[in-house]
Every structure is written in structure tokens, then in C-alpha cells.
Amino acid sequence: MFRWHVVSAVFWRNVKQYFSGPLGYLFIVVFVTVCAVMAFSPRFFADNLANLDQLSRWFPVLLLFFVPAITMTVWAEEKRQGTDSILFTLPASDFDILLGKFLAVVAVYTIALFFSLTQLIALSLIGNPDWGVIFSTYVGYWLAGVALLSIGMFASSLTSSATVAFVLGSLFCSIPVLIGEYFKGTFAIEQFGFDWNLHDFTIGLIPLGNVVYFAAITIFMLYLNHVVISRRHWHRGEQVTLGGHYFVRSLSLGIGLVAFAFLCGSAFSSLWTRADLTSEKLYTLDPVTLETLNKVKGDERAVTIQAFVSEEVPRKFVNTK
């Protein structure tokens, strides 16, 4: 069981370090500026819709550069300065230190995300946004960022160079972010990508399966991070044995988390495992619809549903959308 006073001490130490110089503030300013540029791109005015669709389209790619910038010094700088030896001699467990550092980077990311809310002021002035959709979108942004932060921390634990940690972080984070783009149309693989799991949040839904997906990545990467920082306890003659042992444990944990996420996203997927936050409850069947469906259940007459499917919305259908 972790000790909260230790976690809190490590947390505040890392937060203060991040904001002790101008670099931390610069990253936040750049993040907010880029978010605004992406959100109010020319396509935004062409679609004539008061939402964050344009930002959501590129947000995972933005995190590829912003998240490693936050996490690159978490472990690498400690190793370079030699302060990791002092840190690990404190009366604290490895998990306490890991959790404190993780909560610190999550806090920094949350602060940056909070300042990006300023673009909603402009959004409300030029249109009438659906605030339920905006809220669910930001929930998705936060969950996606937290998952990538755990990956970035793992990358930082592998090296003593902040630059190398940034490159490794971007490389590792690009796997879940870009997998959907490279395997678009292949459902078996595409569903493990960030784009696929972030999409439902951007349309006003908070599905259980997608929440579990981001949580599973976070748990798995934090476990790998814990294994890396605890290697100093391994005796020289047990390196190979313990390495194989933890490899099997990590593999088992990964398979278990993937299976659980798959069950929550597929086997348990239904209207009852997702929250519809849209103002008009667009993805919720009302009582009249349910009653109608119950009446036609078992009826031999065919029920035909006509739908228009396209990435581009014709201008005459914009208001309908």
C-alpha cells in the first residue's frame, strides 16, 4: 500500500521543478497556441459547425510532441544529475516514487489542457456549441494524454539523456497513435489505435470500453516503468532469471488487459455501457422508439434504414448534421 505523504512530497517536488524555469511555461503556451490554430482551421469555417472536430482530428499527433516534452526529464534528468540515487535512498518504496512522478506529469498536462479551454470562449461567441459534446471530448483528450504520459515516462526510464528520452517517447507513443492510420479499414488492428478509441468521445459519448482501453495502456506502461526502476535490486547473478520472470509477468499482464478491454468494448458493448452527453441524446433510443422496435420484433416485414455516409458533408446537409 502506498504512503500518501511520500507520494505528495515527490509530486510537489516534480511539479515545482517543471515550473521553476521558463521552459515549462513555454511548452504550455505553444500547446495552447497550436490547439487554437488546429481548432479554427479554414476547414472549421467551411463546415460551419461550432465543435472541436478539426482539433480532434490532429490532437493525437500533437500529443506525439507535447507528451515526450513533459516526460523526457522525469527519470533521465535524475540519472544525469545523479539525484536518482538520493531519491531511491529515501524511506519510500519504488511505487511511491513512481506514483508521485506520474501524478506530477499528469498535473502538468492537466494544467496545459485547462488553459486550452480558452478557445471555447471564441467557440461560444461565434456559434452555439453542444457543451455535452465538448465535455466528453475533453474527457477523451485527458484520458489519451494520461495514457501517453505513462509511455513517455517508460521511455525516460531507459536513458540518462533527456534528448534520447524525447526521441524514444515520440517513437513509442507513435505506435498506438499511428496504428489506426496505417491499418485503416482493418478492424482487428484499427480498434487498438488512439483515433478509433478517441472518436466516440468527440461525438458526445463516454463508452466504458474506450475508457478501459486508455486505462489498460496506462496500467501496463506504469508496470513496465516499475520493473525498470526496480532492476537495481536484482543481484548480478540473477539478472537473466529475473529478467525472464518479469518478461513473463509483463506479457501475462498485457494479455489480461487486452482481453479485459476487448470484453468491455465488444462483448459488453451496449447502450447501457456508454454515457450519451449530447444535448439532444442523439445516440440514445427514446421510449417511443423502443416501443416501436418491440412492436416490430418478430414481424416478417423488412425494416429499411437509409443513411448518408461520407467523410465530406455536402453544404446542403450541414444544418441537418
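The values are calculated or read from the model by the stated rules, or taken from the named source; none is laboratory data. None of these values were measured; they are calculated from a predicted model. Neighbour counts run over all protein chains shown; Cβ positions are idealised from the backbone, glycine included. Surface areas here come from the heavy atoms of the whole protein model, side chains and all, with no ligands, DNA or RNA. Shrake-Rupley method; radii C 1.70, N 1.55, O 1.52, S 1.80 Å.
In region 54-62 there is no residue that is modelled with pLDDT under 85 and either touching a Phe, Trp or Tyr at 6+ places or on another chain (Cβ under 6 Å) or open to solvent by 50 Å² or more (accessible area, probe 1.4 Å) (or both). Among helices (runs of 4 or more DSSP H) entirely within region 132-230, having at least 1 residues that are among the hydroxyl-bearing types (Ser, Thr, Tyr) singles out 162-182, 194-202, 208-229. Exactly one residue out of 99, 178 is open to solvent by 20 Å² or more (accessible area, probe 1.4 Å) and out of contact with any helix residue (DSSP H, G or I) (no Cβ under 6 Å at 6 or more places or on another chain), and it is 178.
Quick check, is residue 140 closer than 21 Å to residue 284 by Cβ, crowded, with 24+ Cβ neighbours inside 10 Å and touching a residue at least 40 places away in the same chain (Cβ under 8 Å)?
Details: closer than 21 Å to residue 284 by Cβ: yes; crowded, with 24+ Cβ neighbours inside 10 Å: yes; touching a residue at least 40 places away in the same chain (Cβ under 8 Å): yes.
It is true that residue 140 is closer than 21 Å to residue 284 by Cβ, crowded, with 24+ Cβ neighbours inside 10 Å and touching a residue at least 40 places away in the same chain (Cβ under 8 Å).
Among the residues of this structure, residue 29 does not count as one that is under 30 Å from residue 203 (Cβ atoms), among the β-branched types (Val, Ile, Thr) and buried (at least 20 other Cβ atoms within 10 Å of the Cβ). Is there any pair linking a residue in region 104-129 that is in contact (Cβ under 8 Å) with a residue 60 or more places away in the chain to one that is surrounded by fewer than 16 Cβ atoms within 10 Å (Cβ to Cβ) and part of a helix (DSSP H, G or I), with Cβ under 6 Å and at least six apart or on different chains, and which? Matching pairs, first to second residue: 119/36.
Tallying residues that are under 18 Å from residue 85 (Cβ atoms) and either at pLDDT below 75 or of a type in the set (Gly, Ala, Ser) (or both) within region 216-234 yields 3.
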